[in-house]
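This report refers to the structure that appears directly beneath it.
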């Protein structure tokens, strides 16, 4: 299979949008329930939970929107990948939860690791031509 450049650009746009769909609504949700988010973060033993919640919002919403429009895409994707790796080990530690929760947490863990893979592909290959980065280049 050897897709045309316009097909590659369209698929890159769709891929960025689908990844952003995971992060951007989560960022808005954290704003809407900031106290609950900070409480959940605190329950996992994370220090300064309000600061951590604000950072999560900035990353999910801010970097998610950058990823969506394709501006500073490689940096946004790298930041999101690092964030996702860190939160995955904190919030989906399937090896340390009771057996009835382990399967669900394991699935969430590996889903997040797969998302990191997609983000790292964006770091490696860039956003494609249908992006603000692509327009700047052209």
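Derivation of every value follows stated rules applied to the coordinates shown; laboratory data play no part. Treat the numbers as computed from the prediction; the structure is a model and nothing was measured. Cβ coordinates were reconstructed from backbone atoms using ideal geometry, including for glycine residues, and neighbour counts include every protein chain displayed.
What the table shows:
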quantity: Most fluctuating residue given options 120, 68, 11, as computed from a GNM of the chain linking Cα atoms under 10 Å; calculated: 11
quantity: Among [x] 53, 28, 25; [y] 53, 39, 26; [z] 49, 31, 20, the entry that matches Cα extents along the principal axes in Å as calculated here; calculated: [z]
quantity: For the chain, built as a Gaussian network whose Cα springs stay under 10 Å, the top-fluctuating residue of 54, 99, 17; calculated: 99
quantity: Estimated 222 nm signal from helices in the chain, with DSSP H stretches of n ≥ 4 weighted -39500 (n - 2.57), rounded to 500; calculated: -25000 deg cm²/dmol
quantity: Most mobile of 84, 37, 73 in a GNM of the chain (Cα contacts under 10 Å); calculated: 37
quantity: Gained length - residue 102 relative to residue 7, 0.36 nm times residue gap less alpha-carbon distance; calculated: 30.2 nm
quantity: Angle in degrees between helix 73-91 and the longest Cα principal axis of the chain, rounded to the nearest 10; calculated: 20 degrees
quantity: Estimated FRET transfer efficiency (residue 91, residue 132; beta-carbon r; R0 35 Å; 0.05); calculated: 0.65
quantity: Degrees between helix 99-125 axis and first principal axis of the chain (Cα, 0 to 90, nearest 10); calculated: 30 degrees
quantity: Per-residue Cβ neighbour rank within 10 angstrom, fewest leading, 136, 74, 16; calculated: 136, 74, 16
quantity: For the chain: relative contact order, % (alpha-carbon pairs under 8 angstrom, 6 or more apart); calculated: 29 percent
